[in-house]
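Here the structure comes first, spelled out in structure tokens, and everything after it is commentary.
The values are calculated or read from the model by the stated rules, or taken from the named source; none is laboratory data. Everything numeric in this text was worked out from a predicted model, so none of it was measured. Every residue, glycine among them, receives a Cβ derived from its backbone with ideal geometry; neighbour counts consider all protein chains shown. Surface areas here come from the heavy atoms of the whole protein model, side chains and all, with no ligands, DNA or RNA. Shrake-Rupley method; radii C 1.70, N 1.55, O 1.52, S 1.80 Å.
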Amino acid sequence: MNSFAESAATALALISSFDSQLLAIVGRSLMVSACACAIASVAGLLLGAWLGVARFRGRAVVLSLLNTALALPAVVVGLVVYLLLSRSGPLGHLGWLFSVKAMVLAQAVLVLPIVTALTRQAIDDAERGHGEQLRSLGARPLVRSVLLMWDERFALLTVLIAAFGRAISEVGAVMIVGGNIDGFTRVMTTAIALETSKGDLPLALALGLVLLAVVLALNALVSLLQQWRREHGRAGQTLAAPRVAS
């Protein structure tokens, strides 16, 4: 009990004193996850919006594969990215293995199915509600997807926040491709695992508290966005009719 109390006190002291090692690890974690989510969001929003309005042969198979990708273990994603970036892999010439770039790539691959699937679901639901109206006005799939994305902007923002939370709390993939190198590729989750195994509980606990605070802040932001959407989003939101030449 005393050991836990001492570790907790030391951890709080590290946080309150803005320990340089702690800040470096936290800053690197936020940077890696933010870059990964930015990359995955651009591709995932576009692909998800297209899947939400497009109707083509084999769509059910594509959606089944997408839903399967949601359950991919992080270590499997890390292994695949590792093989791609290894010296004998097709992307080995880039020299990204055991670097921040490799970690960004692994996290982007990990959260891409999440952004795509949730965006597809949101746009598909909106298409069922407004699609007939837009089609009657002559709106093509591209126009419909853009308008529906704007109409569902609060829901899509929630999707991006959820994706960031998934990325920053991930440990397996970034440890495989980043190598957990001190001062270079060590992030909060990998540092917690390493410091705990070394017995440095104060630093591990301090990083755990910061990570928990980040996750709680993200969840609070999602709740606020959902409340704002319920109270103001639908009340003042109207789907603008596209200008279509006759």
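Observations on the structure shown:
- Among the conditions (1) farther than 25 Å from S169 by Cβ; (2) surrounded by 18 or more Cβ atoms within 10 Å (Cβ to Cβ), V81 misses just one, which is (1).
This table checks each residue for (1) farther than 16 Å from L110 by Cα; (2) in contact with a Pro (Cβ under 9 Å, 6 or more places away or on another chain).
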| site | (1), (2) |
| --- | --- |
| A5 | yes, no |
| A8 | yes, yes |
| I15 | yes, no |
| S20 | yes, no |
| I25 | yes, no |
| R28 | yes, no |
| S33 | no, no |
| S41 | no, no |
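- Taking the criterion of being of a type in the set (D, E, K, R) and outside any loop (DSSP other than H, G, I, E, B), the only residue of segment 55-99 that qualifies is R59.
- Only one of the numbered conditions (1) surrounded by 19 or more Cβ atoms within 10 Å (Cβ to Cβ); (2) of a type in the set (A, V, I, L, M); (3) within 29 Å of A206 (Cβ to Cβ) is violated by A117, and that is (3).
Yes or no, residue by residue, for (1) of a type outside the set (K, R); (2) more than 30 Å from V100 (Cα to Cα); (3) modelled with pLDDT of 90 or more:
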| residue | (1), (2), (3) |
| --- | --- |
| G178 | yes, no, yes |
| D182 | yes, no, no |
| S197 | yes, no, no |
| L225 | yes, yes, no |
| R229 | no, yes, no |
| R234 | no, yes, no |
| R243 | no, yes, no |
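- Residue check, V26 open to solvent by less than 10 Å² (accessible area, probe 1.4 Å) and either farther than 18 Å from L211 by Cβ or assigned to a helix (DSSP H, G or I) (or both): no
- Answer residue from segment 162-188, given it is over 18 Å from A40 (Cβ atoms) and polar (S, T, N, Q) and is surrounded by the most Cβ atoms within 10 Å (Cβ to Cβ) among those: T185
- Filter pass, R55 being loosely packed, with under 15 Cβ neighbours inside 10 Å and either of a type in the set (V, I, T) or in contact with a Leu (Cβ under 8 Å, 6 or more places away or on another chain) (or both): no
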